[in-house]
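*Asks:* Next up is a structure, given as structure tokens.
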Amino acid sequence: MNLPPALPLRVFLYLSGLLQVVADKGTGVLPVAGGLCLALIVLAAYQGRVGEDEGQPLVMAGVESLLVGFLCYFAGPGAILMLPLALTALISIEKGQQAAIIFAWVNCVCWLAPTIMDRHLAHLNPLSLVYRVVTLCAAPFLISALPRARGRAEVAEDPNKSQAVALQKAQEAARTHGEARLAQEQELNHERRKLEALMQIAHRMAVLRNPDELLSTIVYCAKEQLQVNIAVVLLRKGQNLMVEWKEGITEGAAAKLNSPIGQGLLGRLVTTGESFIYSQADGVEPIRPYWPLNGMEQLIPILRGQTTGYQPHSDDLKNFLVVPLQTPLDNSPLGLILVGNKLVGDRFSSHDQGYLQILATDAAISIRNLFFLAERERSHEEMIRALAQAIEAKDPYTSGHVTRVCNYSVRLAQAMGLPASFVKDMNTAAMLHDVGKISTPDSILMKQGALTDEEFEIMKQHVVHSARIIRDIRSVSPEIQKMVLGHHERWDGKGYPQGLKGEQIPMGARIMAVADAYDAMTSHRPYRQGLEREEAMRRLEKGAGTQFNSEVVSYFMALMQFTPQENSPLLRLVHEARQKVGANLRGTPAGSPVAAASESASPSAPASGPARRGPERLELGIDGQ
């Protein structure tokens, strides 16, 4: 219980008044006067316990003055002035001037009225009456004037004190203003850093060409910038919304986020393009319009808690924010970004939503660009394949040659551990390596016997024609042109058309020379049967160091699981290559353009051809956009 500091003084004054009444009137009035005194003490204690609301001090002062007035009544007209005067001063100090004035006036009336009613007029002295009233009413003004007089005296004694006080107040105001300004600057700096981070993220996403790298960048940036445990990217796949990349959530939990388009929470949001903020403190009402959730309810604790045997999981969505992946030109979103379980706080703000929407727009633009790039590359590949098939259509006996050379070349480049960009160019060059044969006369191209020297010279020009045809294709790089132009060069410099020797021959041309020769030897022709695999490998072994590069031949033998003769100089190179081939092939990422290009290539037999390259995962299936 909180008691006022002046309670002991009040009790003393009340008891003093009681003793005077008993001394003047005898013990006969003790029960009534004692009851009044006890009521005053209880009133004082009550004020200290409940505190004082606005307006209550005036009421309490009036009640106290009534009780004190009755106590004075029992003392008679000669009741002492000290008790009400002391209480008036005390109330003025505690509760203010207005409450003290009310106490003084009510006390005067309570003292004077009973005196007049009891006709004790003989004992009533007008001067004492005026003195009593004036003294009680003037006491509050005197008490309230003391601090002002003291303040003026202090200022008069120390003229510099007011200036010091003013200076101190000014310093405090300046410090408060400085702290507020510093906090504002910190907030602005924080926002500036976040915007700079967004610009860097947008630039980084714009230059990425690998879909996995792009999606992982989107998820990582969303998770780091918004300080969450869970971040997920979902993309349209036909009539379904599927998780494409995630962090902080298990495979089983992520599968529960997959949803048919237009159904459930996420399925409807990807249709409407709306954002959604949820916290478990909101209950089930925000989610109820989207029911049923198609499995997502198993990730929301407040919904899972309604089922028997509920156990909290680490990937429960206690709070989450969903925004659409949509560019300004899209009619409907490509997908959604979902972030959940904030590290600080339990609810996403509108500021978080705005930041994630900016990130989602940049991400959608990058995904769109990657999709268009994949479409362009697909069209480019189809054009190249059409050129290659046009050549094969002229000679049905060479059907499948381009595809097989492409498979062998790509697989061999992978086995040698060459970069993915090189392998991609290798794939293109292998498909185009014989495109110049379209200008070779049919009488030479499809001749069933051996070519004469003049005919062979004409046949050799197909390499130059190939390079000239692909030179005008802007998507074909100079490196690819060099591979095509040099695939008939020999390691000893006796090849054509330029007579390049040794290291002058591009690596892609060296690889293609081995792949082209192997397929030519093992393929059937109208005028001869194809060689057996063992014999073809022996001839490659014999040509190593003269017609072919020994390193390339050794890797091809390791890939084809062929062992050279004991006294062959290639034996050591093949053993070394075998130690590297497995690791190099395992290092080719699954689903990458490189892996897709050689997925059907076999070390022992040619297959149907390279698969389509490009980010197949981004076939979004959105019409009319």
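The values are calculated or read from the model by the stated rules, or taken from the named source; none is laboratory data. As the structure is a computational prediction, the values presented were derived from the model and not from experiment. Every residue, glycine among them, receives a Cβ derived from its backbone with ideal geometry; neighbour counts consider all protein chains shown. Side chains are part of the model used for accessible areas, which takes the heavy atoms of the whole protein and leaves out ligands, DNA and RNA. Shrake-Rupley method; radii C 1.70, N 1.55, O 1.52, S 1.80 Å.
*Asks:* Considering the range 388-413 alone, what residues qualify as being in contact (Cβ under 8 Å) with a residue 60 or more places away in the chain and of a type in the set (A, V, I, L, M)? Outline the logic, then answer.
*Replies:* So in the range 388-413, the residues in contact (Cβ under 8 Å) with a residue 60 or more places away in the chain come out as 397-398, 400-401, 403-413.
Those that are in contact (Cβ under 8 Å) with a residue 60 or more places away in the chain and of a type in the set (A, V, I, L, M): Val405, Val410, Leu412, Ala413.
*Asks:* Follow-up. For the subset of the range 514-536 comprising residues that are open to solvent by less than 20 Å² (accessible area, probe 1.4 Å) and farther than 18 Å from Met483 by Cα, which member is modelled with the highest pLDDT?
*Replies:* Ala536
*Asks:* Let me ask another. Looking at (1) open to solvent by less than 30 Å² (accessible area, probe 1.4 Å); (2) in contact (Cβ under 8 Å) with a residue 40 or more places away in the chain, find the lone condition where Ala467 falls short.
*Replies:* Going through (1) open to solvent by less than 30 Å² (accessible area, probe 1.4 Å); (2) in contact (Cβ under 8 Å) with a residue 40 or more places away in the chain one by one, Ala467 breaks only (2).
*Asks:* What are the residues in the range 483-520 that are closer than 19 Å to Met560 by Cβ and of a type in the set (D, E, K, R), if any?
*Replies:* Once the filter is applied, which keeps residues that are closer than 19 Å to Met560 by Cβ and of a type in the set (D, E, K, R), the range 483-520 yields Arg510, Asp516, Asp519.
*Asks:* Ok, one more. Taking the stated definitions as given, is Tyr397 assigned to a loop (DSSP other than H, G, I, E, B), modelled with pLDDT under 85 and among the aromatic types (Phe, Trp, Tyr)?
*Replies:* Working: assigned to a loop (DSSP other than H, G, I, E, B): no; modelled with pLDDT under 85: yes; among the aromatic types (Phe, Trp, Tyr): yes.
No.
*Asks:* Let me ask something else. I need a count of the residues in the range 25-66 that are among the polar types (S, T, N, Q), over 21 Å from Ala86 (Cβ atoms) and either modelled with pLDDT under 70 or open to solvent by less than 70 Å² (accessible area, probe 1.4 Å) (or both). So that I can check it myself, show each step before the final result.
*Replies:* Keep residues of the range 25-66 that are among the polar types (S, T, N, Q), which gives 27, 47, 56, 65.
Narrowing further to those that are over 21 Å from Ala86 (Cβ atoms): 27, 56.
Still in the list and also either modelled with pLDDT under 70 or open to solvent by less than 70 Å² (accessible area, probe 1.4 Å) (or both): 56.
Final tally of qualifying residues: 1.
*Asks:* Would a scan of the range 548-565 turn up a residue that is farther than 27 Å from Ala420 by Cα, modelled with pLDDT of 60 or more and open to solvent by 20 Å² or more (accessible area, probe 1.4 Å)?
*Replies:* Looking through the range 548-565, at least one residue is farther than 27 Å from Ala420 by Cα, modelled with pLDDT of 60 or more and open to solvent by 20 Å² or more (accessible area, probe 1.4 Å).
*Asks:* So, restricting to strands (runs of 3 or more DSSP E) that lie completely within the range 238-354, which ones have at least 1 residues that are open to solvent by 20 Å² or more (accessible area, probe 1.4 Å), within 27 Å of Ser366 (Cβ to Cβ) and among the hydrophobic types (A, V, I, L, M, F, W, C)? Before the answer, list the steps.
*Replies:* Numbers: elements: 240-247, 276-279, 319-325, 335-342.
Because the criterion is at least 1 residues that are open to solvent by 20 Å² or more (accessible area, probe 1.4 Å), within 27 Å of Ser366 (Cβ to Cβ) and among the hydrophobic types (A, V, I, L, M, F, W, C), the strands (runs of 3 or more DSSP E) in the range 238-354 that meet it are 240-247, 276-279.
*Asks:* What are the residues in the range 294-313 that are of a type in the set (A, V, I, L, M) and at pLDDT 80 or above, if any?
*Replies:* So in the range 294-313, the residues of a type in the set (A, V, I, L, M) come out as 296, 299-300, 302-303.
Residues satisfying the conditions are Met296, Leu299, Ile300.
Quick grid of which residues meet (1) in contact with an Asp or Glu (Cβ under 9 Å, 6 or more places away or on another chain); (2) hydroxyl-bearing (Ser, Thr, Tyr); (3) under 19 Å from Asn407 (Cα atoms):
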position	(1), (2), (3)
Gly486	no, no, yes
Gly495	yes, no, no
Gly502	yes, no, no
Ala513	yes, no, yes
Met537	no, no, yes
Val553	yes, no, yes
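*Asks:* So which of Thr440, Thr428 is more than 30 Å from Arg209 (Cα to Cα) and β-branched (Val, Ile, Thr)? Before the answer, list the steps.
*Replies:* Values: Thr428 fails: more than 30 Å from Arg209 (Cα to Cα).
Answer to the check: Thr440.
*Asks:* Among (1) farther than 22 Å from Tyr220 by Cβ; (2) of a type outside the set (Val, Ile, Thr); (3) modelled with pLDDT under 90, there is one condition Ala253 misses while meeting the rest; what is its number?
*Replies:* Failed condition: (1).
*Asks:* Would you call Gln389 modelled with pLDDT of 90 or more, of a type in the set (S, T, N, Q) and either surrounded by fewer than 24 Cβ atoms within 10 Å (Cβ to Cβ) or within 26 Å of Thr217 (Cβ to Cβ) (or both)?
*Replies:* Details: modelled with pLDDT of 90 or more: no; of a type in the set (S, T, N, Q): yes; either surrounded by fewer than 24 Cβ atoms within 10 Å (Cβ to Cβ) or within 26 Å of Thr217 (Cβ to Cβ) (or both): yes.
No.
*Asks:* Quick test of your reading of the structure: Asp442 fulfils all but one of (1) at pLDDT below 90; (2) surrounded by 14 or more Cβ atoms within 10 Å (Cβ to Cβ); (3) more than 27 Å from Arg538 (Cα to Cα). Name the failing condition by number.
*Replies:* (2)
*Asks:* For the range 490-508, indicate whether the set of residues that are part of a helix (DSSP H, G or I), surrounded by 16 or more Cβ atoms within 10 Å (Cβ to Cβ) and out of contact with any Leu (no Cβ under 6 Å at 6 or more places or on another chain) is non-empty.
*Replies:* For the range 490-508, residues part of a helix (DSSP H, G or I), surrounded by 16 or more Cβ atoms within 10 Å (Cβ to Cβ) and out of contact with any Leu (no Cβ under 6 Å at 6 or more places or on another chain): present.
*Asks:* When you look at Asn210, is it touching a Pro at 6+ places or on another chain (Cβ under 8 Å) and open to solvent by 30 Å² or more (accessible area, probe 1.4 Å), yes or no? So that I can check it myself, show each step before the final result.
*Replies:* Details: touching a Pro at 6+ places or on another chain (Cβ under 8 Å): yes; open to solvent by 30 Å² or more (accessible area, probe 1.4 Å): yes.
When the stated conditions are applied, Asn210 passes them.
*Asks:* Another one. Restricting to the range 213-237, name every residue that is open to solvent by less than 40 Å² (accessible area, probe 1.4 Å) and of a type in the set (Ser, Thr, Tyr). Lay out the reasoning, then the answer.
*Replies:* Residues of the range 213-237 that are open to solvent by less than 40 Å² (accessible area, probe 1.4 Å), as a first pass: 214-219, 221-222, 226, 228, 230-236.
Ser216, Thr217, listed by residue number.
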